[in-house]
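What follows is a short report on a single structure.
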Amino acid sequence: MFEPYMLDAWIVATLVALAAGCAGYFVVLRGAGFAAHALPMAAFPGAALAGLLGIARFYGLAVFALGGVAGLAWLKRAQRPDAATALVLVAMLGLGALFLSLSGQYSNAVYALLFGQILGVGAADLPPAFGIGIGVPVVLLLCFRPLTYSALVPDLAATRGLSGAGLDLLFLGLLAVTSAVALPIAGALLVFTLMVGPAAAARNLVRAPLPALGVSIILALLIAWAALALAYLTGLPSGFFVGTLSAAAYLAARLTRRLSP
Amino acid sequence: MTPALNVEGISVALGGREVLRDVGFSLAPGAFCGLIGANGSGKTTLLRTILGFTAPSAGRVTLGGAVGYVPQKLQLDPDMPIRARDFVELGLNGHRFGFPFPSRARRARVEELLSAVDAKTFADQRIGELSGGQQQRVLIAHALIREPKLLLLDEPLANLDLRAAAEIIALLKRVAAQGVAVLISAHDMNPLLRAMDRIVYLANGRAASGKTQDVVRTEVLSALYGYHIDVIRVHERILVVAGEHGAHGHEHVAAIP
Amino acid sequence: MMLLQPGFLASVPVQNALLIGAGAALLSGAAGVFTVLRSQSFAGHALADVSSAGGAMAYLLGISPLLGFFSLSVLGALALEVIGTRRAAERDLAAGIVLGAGMGGTALLLYLDVTVKGSAGAAVSVMFGSLFAAPPGLGVAVALGALAGLLGLGLIYRPLLLASLDSELAKADGVNTRLLGTAYLLLLALAVTLSAMAVGAILSTALLIGPAAAALRLAHSPAAAMGLAALLGLFCAWGGVWLAYQSYGWTPGHVWPVSFFITALVLAVYAVASLVRRG
């Protein structure tokens, strides 16, 4: 499974796991699980529209992911942020249904965008993957303390001049970019699952912030690699392994914490 | 000596309702002052105005230096991977962007604050798992780490049992002794009676301030409330009671804290 | 233009679609009010996503899609309960984990649908629905399911309302909030299943949250909100079916997807409700 043609898949899986594992720590810390699910899904009609218009996929994905951020930020001021998130999500998915139907891209496209086709990545996917695999962790680390502080105690952070809304926008924007890049190569499910499972497991295993971030990244890498290897060996879809391995990691971490004194 | 806090005739209106009217007082460094009033009397609004969250419609607030703020309660998920010591450190650099490299000097400073508030025994536990009194200590260390001239505390005793409350008061008294002006809001003045040397009493959106024995008197509070108030002292405790000549015409002998 | 094209109501697929849409919209609208009140939108959406695995399974095993969707969304509801729903923050994480595992299952089953059964269109119809292609008996089954769900919702209405407003208060009044929460999640699973029959798994959230959120902006009591949400949902579902029927010929050779129209109407209804409230 380490043949030359598999090399790109390994590199891309590693980079996506780096970005998702790192972003996931903040997703869990900031209670942004629903948004992290909604943004990759919101990006998805962008790919369908790009197909319809005959433009590069990335532009469609980026426009829709950022549109999703704008929708979330705008509706968040409403009373019920979770219902607002759900409405942004279905608005985008409804458009996705239309674009897919109009473009005649049927099941294959839906399947690839939702569940990924990581075994099929090529050299062209490498530059954007390097962009998020390195860029996202660097930006998040630069904002590590403010993002943590404003998530924990928004009031206190505000006394020190941190704008909760501004940091929210920055964070959601990063999630959107990650989604737009990772969606066509890894699929919406894989991106989201790698954002939630490892980080949720990590906080049951360690108590301090930086180690929790580290464990989250390591678990994301292990899950991504294992899923790729299993997908290669069995011929079954990688999304299946990522989803089940993430849930297993979370349950194992909870059990470990309960059993440890 | 410049005061640590000077509040000059501030009025604050929220949603068209005047919450504070012409409130003025000042605190010298090292003052230990209770901000006393019933729920809804404007204590939190006054604190938020001092912090700059709410703009007064008239008057102004002058500060003698940095302000430390201790919110009433942490609303935290107990599983958050943040230890007490991490939280104290955020007081120092939580607002700074940049790579979070560890530093020995910062670590020593955090250690110093943790021992100052007697929090070393639980410094490595998740902050969400600590008791109310323990969280209060961590919050105070978090506020003190930047060496403020003024420490504001929003109802720090509200969720504590008597013993934990007494310990927190003793800790704050030590803080004041080092020259930090301490302003504590509370709906019951009694736990603070021995500790505080000044009081700001809020009622009807107005304030009376000064030494406790000068403010908590029948004439002063009656003028503040706008109807007859009896101040009764029992066993070194003070009861503020609406008297028989209540403005609303009915007798209620309920303690107004 | 004639409002109803000749043959609209006489067409059997249309009758079937109208019946499925009505059942889905009525139960989802009413149940959705509690989903919004209890801030469980993510859990509701997670159940829908998990149910897609059941839809894919139904193709593989050749069983009724209703049974497939329902069995998996019930499984998802039980998983949510087991993982623990003690705290709001933990609840969102649990929803995320269950969603990820469930969709992983969907990935596998859809893959098998294509490779084993050769059902190439499974992904689209499971995820986005194919209302006009629903099997003929499905309409009646959905209507019966909706009836049962509404009955169940009526039975637990009062304690559920109390628990949704203040769970401590409900506990003090002797309500078993844990059991009630589970019963409610099972009803939610049913509502999500029926909506998935109409608009597909990942869009079923539209019928669950949209009409309820709109109704809660307008109505002054929970019961009125439930009634209004059911009616708004019905309007969207039937309006969507009608528009899709009309859309034949808008673009060459296409009927635009019903799911798109239903979702668009749901969002329009929500936008109008927000404007009415503000104006």
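Which whole number gives the average count of other chain Cβ atoms within 10 Å of the Cβ atoms across peptide A:209-221? All intermediate terms of the calculation are to be shown ahead of the outcome.
Working: counts 9, 5, 1, 3, 2, 0, 1, 1, 0, 0, 0, 0, 0.
The mean count of partner-chain Cβ atoms within 10 Å per residue comes to 2.
Panel note: the C-alpha atoms of chain A, placed on their principal axes, show extents of 52, 41, 29 Å (largest first).
Taking the Cα centre of the protein assembly as shown as origin and charging only Cβ (+1 Lys, Arg; -1 Asp, Glu), how large is the dipole, in debye to the nearest 20? For the protein assembly as shown, the charge dipole is close to 920 debye.
Other residues with beta-carbon under 12 Å from the beta-carbon of A:Ala35 carry, at +1 per Lys or Arg and -1 per Asp or Glu, a net charge of -1.
Here is the list for segment B:144-248: GluC sites (Glu not before Pro) lying in DSSP coil, each with at most 16 other C-beta atoms within 10 angstrom of its C-beta, are B:Glu236, B:Glu244.
Pairs spanning more than 23 Å between alpha-carbon atoms, out of B:Lys73/B:Lys120; A:Lys76/B:Lys43; B:Lys43/B:Lys73; B:Lys43/B:Lys173: A:Lys76/B:Lys43. Centre-to-centre separation between the Cα atoms of segment C:117-185 and those of segment A:69-106: 23 Å. What is the distance in Å between the Cα centres of segment C:1-71 and segment C:246-270? Each part reduced to its Cα centre gives a spacing of 16 Å. Evaluated with a Cβ-only charge set (Lys, Arg +1; Asp, Glu -1), segment A:4-254 carries a dipole of roughly 540 debye about its Cα centre, given to the nearest 20. With a 10 Å cut-off around each Cβ of A:154-164, the average count of Cβ atoms from other chains is 5. Each Lys and Arg contributes +1 and each Asp and Glu -1, all at the Cβ; summed about the Cα centre of segment B:5-213, the dipole is approximately 420 debye.
So for the protein assembly as shown, what percent of the C-alpha to C-alpha distances run longer than 45 Å?
On the way: 107342 of 317206 pairs.
Taking all Cα-Cα pairs of the protein assembly as shown, the fraction more than 45 Å apart is 34 percent.
Projected label points at B:Glu111 and B:Leu14, each 7 Å from Cα along the beta carbon direction, are separated by 4.3 nanometres. Annotation: peptides B:140-146, C:207-213, A:33-39, A:88-94, ranked by per-residue average of other Cβ atoms within 10 Å with the highest first, follow the order C:207-213, A:33-39, A:88-94, B:140-146.
I'd like to compare A:163-176, C:179-192: which one has the highest average count of other Cβ atoms within 10 Å, and what's the full order after that?
Details: A:163-176: 19.1, C:179-192: 22.7.
For the peptides A:163-176, C:179-192, the packing ranking is C:179-192, A:163-176.
Take every DSSP beta bridge with both residues inside chain B and express the antiparallel ones as a percent of the total, to the nearest 5. Rounded to the nearest five, the antiparallel share is 60 percent. A Förster radius of 56 Å combined with the Cβ-Cβ distance from C:Arg158 to A:Leu7 puts the calculated FRET efficiency at roughly 0.35. By DSSP, the beta bridges lying fully in the protein assembly as shown are antiparallel in about 60 percent of cases.
Shown in residue order for segment C:127-132 are the 3J(HN,Hα) couplings computed by the Karplus curve 6.51 cos²θ - 1.76 cosθ + 1.60 at θ = phi - 60°: 7, 10, x, 8, 4, 6 Hz (x for Gly and Pro). Look at the stretch C:34-46: the mean tally of other chain Cβ atoms within 10 Å of its residues' Cβ atoms is 4.
Once the other residues with Cβ under 13 Å from the Cβ of C:Ala46 are scored (Lys, Arg +1; Asp, Glu -1), what is the net sum? Kindly include the intermediate steps, with their values, before the conclusion.
Details: positive: C:Arg91; negative: A:Asp82, C:Asp49, C:Glu81, C:Asp92.
Combined, the nearby Lys, Arg, Asp and Glu give -3.
Cβ-Cβ distance of C:Glu168 and A:Arg257, R₀ of 30 Å, FRET efficiency by 1/(1 + (r/R0)^6): the value works out to about 0.65.
Need one word for chain C: rounded, prolate or oblate. Basis is the Cα gyration tensor (sqrt eigenvalues a ≥ b ≥ c); a/c below 1.5 gives rounded, then a/b vs b/c decides. Because a/c hits 1.5 or more and a/b fails to exceed b/c, chain C counts as oblate.
When only alpha carbons are used to place a centre, segment B:59-88 and segment B:99-175 end up 10 Å from one another.
Lys and Arg at +1, Asp and Glu at -1: add these up for the other residues within a Cβ distance under 11 Å of B:Glu111 and post the number.
Working: positive: B:Arg85, B:Arg104, B:Arg106, B:Arg107, B:Arg109, B:Lys120; negative: B:Glu89, B:Glu112.
Combined, the nearby Lys, Arg, Asp and Glu give +4.
Is segment C:88-169 best put as rounded, prolate or oblate by its Cα gyration tensor, with a ≥ b ≥ c the root eigenvalues, rounded for a/c under 1.5, and otherwise prolate when a/b is larger than b/c, oblate when not? Oblate.
So if we plug the beta-carbon distance of C:Ala10 and B:Ala38 into 1/(1 + (r/R0)^6) with R0 = 45 Å, what FRET efficiency do we get, rounded to 0.05? That gives a FRET efficiency of 0.05. Partners of B:Lys211 within straight-line reach, counting aspartates and glutamates whose Cα lies under 20 Å from its Cα and excluding those fewer than 8 residues away in the same chain: B:Glu8, B:Asp22, B:Asp188, B:Asp197, B:Glu219, B:Asp230, B:Glu236.
The value of relative contact order for chain C, using C-alpha pairs under 8 Å at least six residues apart, is 31 percent.
FYI, it's all coordinate maths here, none of it is from the lab. Values in this document were obtained by computation on a predicted structure and should not be read as measured data. Backbone-built Cβ (ideal geometry, glycine too); neighbour counts: all protein chains shown.
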